[in-house]
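Asks: Quick one: the structure is below, and I'll ask about it shortly.
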Amino acid sequence: MRIYNPLGFLKNIDYFLFVPIIVLIFWGVLNIYSASINEYPNIYIKQGIFGILGILLMVFLSAIDLRKIVNFSIILYVIGIFSLIFVLVAGDVILGAKRWINLGFVSLQPSEFMKVIVILVIAYYLSDKKSPISIFDAIVIFFIAFIPAILTILQPDLGTAITILFPAVFIIFIYGIKKRYIITALIVVLALAPYLWNHLKDYQKNRILAFLNPEKDPLGTAYHIIQSKIAIGSGQITGKGFLKGTQSKLYFLPEQHTDFIFSVIGEEWGFLVSILVLTIYLFLVGRIFYWGLQIKDNTAKVVCFGAASILSFQAFINISMTLGLAPVVGITLPFLSYGGSSLLTFSLLIGTVLSAVSTYKKEKIQF
């Protein structure tokens with residue numbers, strides 16, 4: 001007699017992927033506590049609540065067939081576009097940017113969720129396409145991401161807009177397209193570079209210039225980069241100790257609980273733990289890529305490759321930014337930086353990957 005087990009789906013979860021994510025989430029809460037305790041004493045509790053919600057969300061999505069999630073993506077996309085328009089009209093303004101919808105008990109950033117939604121819509125579109133894709137397919141995929149990216153740039157939020165576009169470009173490349181189209185696209189981008197530069201906001205231009213020559217304005221536009229490098233360097237091999245970071249505790253380090261959380265980790269925990277964090281990200285990206293190669297279903301492939309690309313890209317840019325190897329852009333370090341919308345977004349992202357893996361395991365057993 002077969003007994004029904006309501007928690008049977010848990011056996012199909014990829015724990016090599018799921019457990020490191022849980023470690024990152026609670027490691028993030030611990031470091032947010034250290035970074036914010038003197039200035040924002042309660043936000044680590046809020047982050048912890050979002051962390052628990054994120055874990056539950058990942059478990060919930062892992063129990064759902066991926067195709068059901070992807071089939072719902074068009075509706076989510078339409079809702080997301082209208083949310084971005086609403087933000088431009090009536091969103092909350094924080095630090096000069098209009099990016100949030102205030103729901104009373106919490107503020108959400110719709111552009112964050114569009115990162116996942118765009119990947120799901122692309123997966124839906126490519127579900128029955130063969131590789132290599134046509135130039136028409138590439139254009140369709142690009143515009144799926146381009147529309148929310150433009151609405152995000154208008155907030156203004158160039159960093160998030162780039163992270164919306166990047167997975168689409170990566171999927172086009174990985175899915176296969178003729179080289180002449182890639183070369184043509186590169187030529188067009190180079191030709192448009194002066195136009196794009198002229199249409200950047202002044203603070204965006206200053207950040208790029210500060211990255212190229214931080215010594216030119218050490219107390220102004222380059223202040224973030226210089227203080228971040230001092231913080232990370234001062235941690236040396238083993239760090240100054242938990243709650244003992246001077247750059248962060250004396251407020252030399254701006255945005256220390258959000259964009260510059262890696263600087264706090266470097267200062268308080270040192271080089272060894274910083275390398276461990278990098279290793280975890282590399283392992284996660286490699287694991288997701290493994291499933292993208294292992295699973296033959298087109299929909300699951302796109303979800304896995306899209307998730308791996310955005311996780312690796314955002315972690316790389318954020319950490320490079322704190323080390324002075326990239327311009328300062330307003331993007332979080334996945335699972336570690338403070339921000340409910342960011343944490344839930346990456347939980348959704350990993351949840352869809354877990355759904356792809358779980359669906360693959362069940363169908364492999366059945367057939």
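Asks: So for region 272-367, averaging the separation of alpha carbon pairs under 8 Å that are six or more residues apart and normalising by length, what relative contact order in percent results? Walk me through the numbers before you get to the answer.
Replies: Values: 66 pairs, mean separation 23.0, N = 96.
The value is 24 percent.
Asks: Using modelled amide H (1.01 Å from N, peptide plane; none on Pro or chain starts), what sits under 5 Å from the amide H of T258, excluding residues fewer than 5 places away?
Replies: Y338
Asks: Right, here's the next one. Quick one: order D202, D14, D92 by neighbouring beta-carbon count within 10 Å, fewest to most. All intermediate terms of the calculation are to be shown ahead of the outcome.
Replies: Values: D202 8, D14 20, D92 14.
The order, fewest Cβ neighbours first, is D202, D92, D14.
Asks: Can you give me the relative contact order of the chain as a percent, contacts being Cα pairs under 8 Å and 6 or more apart? Please list the in-between numbers first.
Replies: Working: 529 pairs, mean separation 101.2, N = 367.
The value is 28 percent.
Asks: Do any of K130/K362; K98/K296; K98/K301; K205/K296 go past 32 Å between their Cα atoms, and which? Spell out each step's value before the answer.
Replies: Working: K130/K362 24 Å; K98/K296 41 Å; K98/K301 34 Å; K205/K296 43 Å.
Distance filter (> 32 Å) returns K98/K296; K98/K301; K205/K296.
Asks: Anyone know which of V29, V116, V89 comes out most mobile in the 10 Å Cα GNM of the chain?
Replies: For the chain, modelled as a Gaussian network with Cα springs under 10 Å, the answer is V89.
Asks: Right, another one. Taking the Cα centre of region 215-367 as origin, work out the dipole magnitude from +1 charges on Lys and Arg Cβ and -1 charges on Asp and Glu Cβ, in debye rounded to 20. Numbers along the way, then the final one.
Replies: Numbers: 11 positive and 8 negative charges, 106 e Å.
Dipole size: approximately 520 debye.
Asks: A follow-up question, please. Would you look at the GNM of the chain, springs on alpha carbons closer than 10 Å, and say which of P218, P254, P148 moves the most?
Replies: Highest fluctuation among the options: P218.
Asks: When 1/r is averaged over all different Cα pairs and the result inverted, which Kirkwood radius in Å belongs to region 19-80? Write out the running numbers ahead of the final one.
Replies: Values: mean 1/r = 0.0730 Å⁻¹.
Hydrodynamic radius (Kirkwood, Cα pairs) of region 19-80 is 13.7 Å.
Asks: Now for a different question. Run a plain Debye calculation on the chain (Cα atoms as equal point scatterers, no solvent) and give log10 I(q)/I(0) at q = 0.07, 0.14 Å⁻¹, rounded to two decimals, same order as the q list.
Replies: -0.31, -1.27
Asks: Nearest 20 debye, what's the magnitude of the dipole of region 36-111 about its Cα centre given +1 on Lys and Arg Cβ and -1 on Asp and Glu Cβ? Could the numbers behind the result be given before it?
Replies: Working: 5 positive and 3 negative charges, 32 e Å.
Dipole about the Cα centre, nearest 20: 160 debye.
Asks: Shifting gears a bit: Per DSSP helix of 4 or more residues, -39500 (n - 2.57); summed, then divided by the residues of the chain. What does that give at 222 nm, rounded to the nearest 500? Numbers along the way, then the final one.
Replies: Values: 14 runs with 252 residues, N = 367.
After summing the helix terms and dividing by residue count, I get -23500 deg cm²/dmol.
Asks: In addition: About its Cα centre, how strong a charge dipole does the chain have in debye, to the nearest 20, once Lys and Arg get +1 and Asp and Glu get -1 at the Cβ? Write out the running numbers ahead of the final one.
Replies: Values: 27 positive and 17 negative charges, 191 e Å.
Here the chain has a charge dipole of around 920 debye.
Asks: When 1/r is averaged over all different Cα pairs and the result inverted, which Kirkwood radius in Å belongs to region 270-316? Could you put the intermediate results ahead of the total?
Replies: Working: mean 1/r = 0.0893 Å⁻¹.
The Cα-based Kirkwood calculation yields 11.2 Å.
Asks: Can you classify region 267-349 as rounded, prolate or oblate using the Cα gyration tensor, where a ≥ b ≥ c are the square roots of its eigenvalues, rounded means a/c under 1.5, and otherwise it's prolate if a/b beats b/c and oblate if not? Display every interim value, and only then the final one.
Replies: Working: a/c = 2.15, a/b = 1.69, b/c = 1.27.
Because a/c hits 1.5 or more and a/b exceeds b/c, region 267-349 counts as prolate.
Asks: Given a 10 angstrom Cα cut-off, can you work out which residue in I139, I310, I122 is the most mobile in a GNM of the chain?
Replies: I139
Asks: As I understand it, the dipole of the chain uses +1 on the Cβ of Lys and Arg and -1 on the Cβ of Asp and Glu, about the Cα centre. Which of F252, I13, I52 lies farthest toward its positive end?
Replies: I13
Asks: I would also like to ask the following. Which of the listed residues, V89, I133, I319, is farthest toward the dipole's positive end in region 26-366, when Lys, Arg count +1 and Asp, Glu count -1 at the beta-carbon?
Replies: I133
Asks: Add +1 for every Lys or Arg and -1 for every Asp or Glu among the other residues with Cβ under 15 Å from the Cβ of E112, and state the total.
Replies: Numbers: positive: K98, R99, K115; negative: D92, D157, D259.
So the surrounding residues net to 0.
Asks: Can you name the helices of the chain, as whole DSSP H runs, whose Cα span along the helix axis is 20 Å or more and whose Kyte-Doolittle mean is not below 1.0? If you can, show how the numbers build up before the last one.
Replies: Details: long enough: 15-36 (31 Å, 1.89); 43-62 (28 Å, 1.93); 73-90 (25 Å, 2.81); 110-125 (22 Å, 1.50); 135-153 (26 Å, 2.65); 158-175 (26 Å, 2.31); 179-198 (29 Å, 1.24); 261-294 (39 Å, 1.47); 298-322 (36 Å, 1.08); 340-366 (38 Å, 0.52).
Helices passing the filter in the chain: 15-36, 43-62, 73-90, 110-125, 135-153, 158-175, 179-198, 261-294, 298-322.
Rule-based calculations on the coordinates, nothing more; no lab input. A quick note: this is a predicted structure, and the numbers were derived from the prediction, not measured. A quick note on method: Cβ atoms are made from the backbone with ideal geometry, for glycine too, and the neighbour counts reach across all protein chains shown.
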